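In what follows, a structure is listed as structure tokens, so that the remarks can point back to it.
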Amino acid sequence: MTKREVVKMVLDGKKPPYVPWSFKFTEEPKKMLEEHYGVDDLDPVLGNHILNLGSDIGFFDEVEPDMWQDVFGVIWDRTIDKDIGDASAPYVISEPSMDGVKFPDPHDPRFFANIEPEIEKKPELFRVFQIGFSLYERAWSMRGIENLLMDFMMYPDFVHELFTKIADYNIAQMTKAIEYDIDAIYFGDDWGQQHGLIFGYDTWKEFVYPQLKRMYGFARDNGKYVMIHSCGDVDELFPDLVECGLNCFNPFQPEVMDINEILPMYRGKLAFHGGLSMQKTLPFGTVEDVEKESKNLIELGKDGGYIFSPSHSVESDTTKENILKFIEIAQAQLK
């Protein structure tokens, strides 16, 4: 059975032969692991089951050192955060109006350039085309987060129009992506904070939910699984997300939701990817702590509905010893 088939079993609500895994890392630990293993591609040596394709946010142009421009024209300051950075003013949308706002080409070849070469190198992996900043995050990066949060209340028609056009863009990009032999569409869009949603359930239901139904519906209607990433305390949204067609939720943060209760509750309806504490265990715990939590998660996931991973891309505050331990625990299932 291929890794691709094992992930499909998990997403289909079936009991897999073992708990699959897939790990991601920010720039510093990624380089550290590449040096440790002597490779420039971590997927094979880690045994990752998910093949991430596309360019999730569209960072293609470094306009000056540590300053990157995405395809929507937003400038990101990476002087501190080397992976994404901070959106810099002036914002692309300066007023609550779509007049004069131009969207990039959703079929820009750079978004699809790595799909066929990566699939050819790793045909056994589960293939996921990524759309990062898929709605709310794309909107606030263009408008400014403070402005957008006020716009929800003061200029709702503008927000509806903006969100509709972002979803239209994503659907157009998916139309091209599904021409390739991919398995899933992955949407990134952080809605949560440490306690509850950033802008409340009623606002989420009015503005975000209708566009998710359109985007997730398009993917499902074309035979693709739907995966999302949303940091924070968002488990109140799970019933709505299942209704929209979601198959897998990431990052499954143990600090903000009871993973031991939620995974069995949703098994067969919604799968989860993540779970290993990025706020406590990995940066502050011992190797023994990492081993214990990793084994507990794998035991919890043996009946299905779970892909093992840290609850976010691993940051530079995690030691190499702790990283190597959760990798060892995952791989030990196949020995």
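Every number here is computed from the coordinates shown, using simple stated rules; none is lab data. Quantities reported herein were computed from a predicted structural model and do not represent experimental measurements. Using ideal geometry, Cβ is built from the backbone for each residue, glycine included, and neighbour counts are taken over all protein chains shown.
Taking 17 Å as the cut-off, the amide N atoms of region 193-210 that come nearer than this to a point 7 Å along the Cα-to-beta-carbon line of M153 belong to 197-207. Across the chain, the longest piece that holds none of the GluC sites (Glu not before Pro) lying in DSSP loops with up to 15 other C-beta atoms within 10 Å covers 1-123. Split the chain at each of the chymotrypsin sites (Phe, Trp or Tyr not before Pro) in a DSSP loop with at most 16 other beta carbon atoms within 10 Å, and the longest piece is 19-179. Any idea what the relative contact order of the chain is, in percent, if you count C-alpha pairs under 8 Å spaced at least 6 apart? RCO, the chain: 21 percent. Spin-label pair E291-D40: with each label point 7 Å from Cα along the Cα-Cβ axis, the two points sit 3.6 nm from one another. By the helix-only formula, in which each DSSP H run with n ≥ 4 contributes -39500 (n - 2.57) and the sum is divided by residues, the chain has a 222 nm mean residue ellipticity of -11500 deg cm²/dmol. Other residues lying with their Cβ under 14 Å from the Cβ of E28 contribute a combined charge of -1, Lys and Arg counting +1, Asp and Glu -1. Size descriptor for the chain, Kirkwood hydrodynamic radius: 20.5 Å (Cα pairs only, one decimal).
So what's the net charge close to L125: Lys and Arg +1, Asp and Glu -1, counting the other residues with Cβ under 15 Å from its Cβ?
Here the charged neighbours net out to -2.
Within region 79-123, which trypsin sites (Lys or Arg not before Pro) sit in a loop by DSSP and count at most 14 neighbouring Cβ atoms inside 10 Å?
Passing both the DSSP loop test and the Cβ count: K82, K102.
Using the Cβ of M150 as centre and a radius below 15 Å, the other residues enclosed give a net charge of -3, where K and R count +1 and D and E count -1.
In this structure, Q193 and F60 have a Cβ-Cβ separation that, at R0 = 35 Å, corresponds to a calculated FRET efficiency of about 0.70.
Viscosity 1.567 mPa s, temperature 4 °C: Stokes-Einstein D of region 188-298 from its Kirkwood Cα radius, in µm² per second? My calculation gives 87 µm²/s for D.
Considering region 1-159 at the alpha-carbon level, its Rg and Dmax are found to be 19.1, 54 Å.
For a test of the definition: using alpha carbon positions, the gyration tensor, and the 1.5 limit on a/c, classify region 134-263 as rounded, prolate or oblate. Oblate, because a/c is 1.5 or more while a/b does not exceed b/c.
Within the listed set M142, M174, M98, the Gaussian network model of the chain (springs between alpha-carbon atoms below 10 Å) gives the highest mean-square fluctuation for M98. Dividing the Cα radius of gyration of region 1-91 by 2.2 N^0.38 Å, with N the residue count, gives 1.43. With the convex hull constructed from alpha-carbon coordinates only, region 233-335 shows a mean projected area of 6.5 nm² over all directions.
Run through the DSSP bridge list for the chain and note the antiparallel percent, rounded to the nearest 5. Antiparallel bridges make up about 30 percent of those DSSP assigns within the chain.
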